[in-house]
């Protein structure tokens, strides 16, 4: 019952632009919209201004410099085992953080709704998409869907594709987390093994 209620809430909200984004992007890329939503829940908890820095790929000097900047600007953040999650309160803060990370050449950081990694910066440039532009929910979701579809073309299974989106094909709990979120959105008669990618290759 809870699952049905949650889906109905999403459908009602979908009358408006915020959720139409999921259906529109899913249709464009041949990806189940609820999968995109589930990934965004795991990646950012639907927060479009979050920026996460890979804690394992920065030096102590970089870490201290980042903490100093965030504290001086009073930008909230949380430190986890592998990431520093920066919870920007407005787009100006988010842009300032991205400028800082990019200018100071932090090796790996993720941006926005679907947590797009800066490793894609040069590819995005060819499409006239800047790192700042990824703070836009629509743009971020479209870029993520494109990345996810490329992962599917290489891997051909739900498990490998979803794991690859997170940067690993095996040995992490990412697929389990996404599957748990997706399961909340499926109707009782639907299977978690349903077809999630349906564009013809």
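When residue 137 is tested against (1) within 18 Å of residue 41 (Cβ to Cβ); (2) surrounded by 13 or more Cβ atoms within 10 Å (Cβ to Cβ); (3) at pLDDT below 90, just one condition goes unmet, and that condition is (3).
Would you be able to say whether some residue in the stretch 189-199 is assigned to a helix (DSSP H, G or I) and at negative phi? Checked the stretch 189-199: no residue is assigned to a helix (DSSP H, G or I) and at negative phi.
Using the structure shown, decide if residue 93 is at pLDDT 95 or above, assigned to a helix (DSSP H, G or I) and surrounded by 16 or more Cβ atoms within 10 Å (Cβ to Cβ).
Numbers: at pLDDT 95 or above: yes; assigned to a helix (DSSP H, G or I): yes; surrounded by 16 or more Cβ atoms within 10 Å (Cβ to Cβ): yes.
Considered against the rule, which asks whether it is at pLDDT 95 or above, assigned to a helix (DSSP H, G or I) and surrounded by 16 or more Cβ atoms within 10 Å (Cβ to Cβ), residue 93 comes out as yes.
The set of residues in the stretch 72-87 that are surrounded by 12 or more Cβ atoms within 10 Å (Cβ to Cβ) and closer than 13 Å to residue 109 by Cα comprises 83, 84, 85, 86. Looking only at the stretch 160-181, residues that are surrounded by 15 or more Cβ atoms within 10 Å (Cβ to Cβ) and assigned to a helix (DSSP H, G or I) come to 12 in all.
Just to be sure before I move on: is residue 36 part of a helix (DSSP H, G or I), out of contact with any strand residue (DSSP E or B) (no Cβ under 9 Å at 6 or more places or on another chain), surrounded by 11 or more Cβ atoms within 10 Å (Cβ to Cβ) and modelled with pLDDT of 95 or more in the structure I sent? It would help to see each step written out before you state the result.
Values: part of a helix (DSSP H, G or I): yes; out of contact with any strand residue (DSSP E or B) (no Cβ under 9 Å at 6 or more places or on another chain): yes; surrounded by 11 or more Cβ atoms within 10 Å (Cβ to Cβ): yes; modelled with pLDDT of 95 or more: yes.
Against the criterion (part of a helix (DSSP H, G or I), out of contact with any strand residue (DSSP E or B) (no Cβ under 9 Å at 6 or more places or on another chain), surrounded by 11 or more Cβ atoms within 10 Å (Cβ to Cβ) and modelled with pLDDT of 95 or more), residue 36 qualifies.
Of the set (1) surrounded by fewer than 19 Cβ atoms within 10 Å (Cβ to Cβ); (2) without any contact (Cβ under 8 Å) to a residue 60 or more places away in the chain; (3) not in a loop (DSSP other than H, G, I, E, B), all apply to residue 130 but (3).
Matching residues to (1) part of a loop (DSSP other than H, G, I, E, B); (2) under 27 Å from residue 22 (Cβ atoms):
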site: 61; (1), (2): no, no
site: 64; (1), (2): no, no
site: 71; (1), (2): no, no
site: 113; (1), (2): yes, yes
site: 119; (1), (2): no, yes
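The values are calculated or read from the model by the stated rules, or taken from the named source; none is laboratory data. Note that this is a predicted model, so its numbers are computed, not measured. Here Cβ is always computed from backbone atoms with ideal geometry, including for glycine, and neighbour counts include all displayed protein chains.
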